[in-house]
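So the structure is just underneath, and the comments pick up after that.
Nothing in this text is a laboratory measurement; each read-out follows from the coordinates by a stated rule. What you are looking at is a predicted structure, and each value in this text was computed from that prediction instead of being measured. Methodologically, a virtual Cβ is constructed for each residue, glycine included, from the backbone with ideal geometry; neighbour enumeration extends over all protein chains shown.
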Amino acid sequence: MSPELIAPNVRFFDSWQANTAEWQDDHQAGAGVWIADELGFDLATRDGFAGWVERLLVEADPSFIAPGGRVPATTLWVVEGEEYLGAVNLRHRLNEFLARIGGHIGYGIRPSARRRGLATFALRGALARAANLGIERALVTCDVGNEGSWRTIERCGGVLESVIEPDAEALARGFDQPKRRYWVPTGLRP
């Protein structure tokens, strides 16, 4: 069976729970878990998980007006059959914080599914969708110590622009590592 990129779906509740146990205390990049935290969805319950999935789908609408200066974002899940393997999040535009730290695209693959090319698969899929949104070059960032991620970005055509230290806002949001900032062509022809 081949991996797919799909919209979030409640049928993956059990697989999501197994995924969460693998991450332990680590951040699940690209999954939008912080939205569940912000809005009080308990992802350990079916109802909380369903509410969160619904909210992720709402936030993918380009006309969505996100609170707090956030931007509309499409979250896609990497799945194989009925198994959740990871996520990629495509921000439709950059706000000030995303232009410095977060970028257009964030992704994460569950620990047991790594080293199979799934991050590259997810990033390439997000880049194609970014082109459909009219984004010519996508900003993609990663921690300087995350060699797997920066190799994935470079494999997808990313060109390193800079390495930046976290500022006060980044630190307050839990981003405490220097970031490598890449521009990646989406394939959109100007």
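With contacts taken as Cα pairs under 8 Å at a separation of at least 6 residues, segment 4-185 carries a relative contact order of 18 percent.
Taking the helices alone, the chain has a mean residue ellipticity at 222 nm of -9500 deg cm²/dmol, built from -39,500 (n - 2.57) per DSSP H run of at least 4 residues and averaged over all its residues. The calculated FRET efficiency for residue 128 paired with residue 64, based on their beta-carbon distance and R0 = 22 Å, is about 0.55. In plain terms, the bigger the Kirkwood radius, the slower the diffusion; for segment 84-190, with that radius from Cα pairs, at 37 °C and 0.692 mPa s, Stokes-Einstein puts D at 235 µm²/s.
Given a 10 angstrom Cα cut-off, can you work out which residue in 58, 88, 78 is the most mobile in a GNM of the chain? Greatest mean-square fluctuation among the candidates belongs to 58. Residues 63, 162, arranged from fewest to most other Cβ atoms within 10 angstrom of their Cβ, appear as 63, 162. Loop-resident trypsin sites (Lys or Arg not before Pro) (DSSP state other than H, G, I, E or B) in segment 6-111 with no more than 15 further Cβ atoms inside 10 Å of their Cβ: 93. Overall, the anisotropy analysis places segment 21-139 in the oblate class: the square-rooted eigenvalues a ≥ b ≥ c of its C-alpha gyration tensor yield a/c not less than 1.5, with a/b not exceeding b/c. Here each label is just a point 7 Å from Cα along the line to Cβ, and for residue 54 and residue 136 those points are 4.1 nm apart.
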